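Before any comments, here is the structure.
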Amino acid sequence: MPKSHAFNSSLHRQPIFYLATALILIDQAIKVGVTLVMPIGTVEQLSEWFNLVHVLNPGAAFSFLADAGGWQKYFLSIFGIIVSVILTRLLWTGVLSTSESVAYVLLMSGALGNVLDRLRIGAVIDYLDVHWGDLHWPAFNIADIYVVSGAFLLLITSFGATNTNPESTP
């Protein structure tokens, strides 16, 4: 007899949808705010190591493919949509781990937040700038934080204990 699980994402479709939607809306609202308040190229120093900036990134993470000539907008958009469809399908059919489900929602929300930017303006709006003196980490946004957090959570979840001993299952 299969072991009963306390969580199954297919039984929580509505809250998962609401969470993903809320995360995407938060990302887009902040980007709209940055666009309205800060002209492109603006740097507002908030501390000795953190700035708010307004930059456009036509590439992927760390400006990878930024100078690729425009095709990357379509490639990265299609890739983000495909990954999101796959993760949505997995959540729809049932993921048996709460942390894995949250990781999928974070990955999907971050990917779609950046896809919306690419489709709307042709580049991703980045506004967070962490630095040490003149050494700057590439600017990023909350959608990037979602993706990195989701990937990290998925990695941590993958190291979770699994019961492979059939004798110990009821």
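Assorted remarks:
- Spin-label model distance (nm) - V130 vs L155, 7 Å beyond Cα toward Cβ: 1.3 nm
- Potential lengthening between I26 and I81 on full extension [0.36 nm per residue; Cα-Cα distance subtracted]: 17.9 nm
- Remark: spin-label model distance L19-V148 equals 2.1 nm, labels positioned 7 Å along the Cα→Cβ axis.
- Cβ crowding within 10 Å averaged over residues, with 28-35, 151-158 ranked highest first: 28-35, 151-158
- Residues listed by number, the range 87-118, amide nitrogen under 16 Å from N8 label point at 7 Å toward C-beta: 90-98, 101
- Listed values (i) -0.54, -0.71, -0.88, -1.13; (ii) -0.59, -0.78, -0.95, -1.13; (iii) -0.47, -0.65, -0.84, -1.14, entry calculated as log10 I(q)/I(0) by the Debye sum over Cα atoms at q = 0.11, 0.13, 0.15, 0.18 Å⁻¹: (i)
- Of the complete DSSP H runs in the chain, none spans 30 angstrom or more by Cα along the long axis with a mean Kyte-Doolittle score not below 1.6.
- Whole-angstrom gap from the range 2-42 to the range 43-118, using each part's C-alpha centre: 12 Å
Where a number appears in this text, it was derived from the coordinates with a stated rule and is not lab data. Keep in mind the model is a prediction, meaning the values are calculated, not measured. Positions of Cβ are generated from backbone atoms using ideal geometry, with glycine treated the same way; all protein chains shown enter the neighbour counts.
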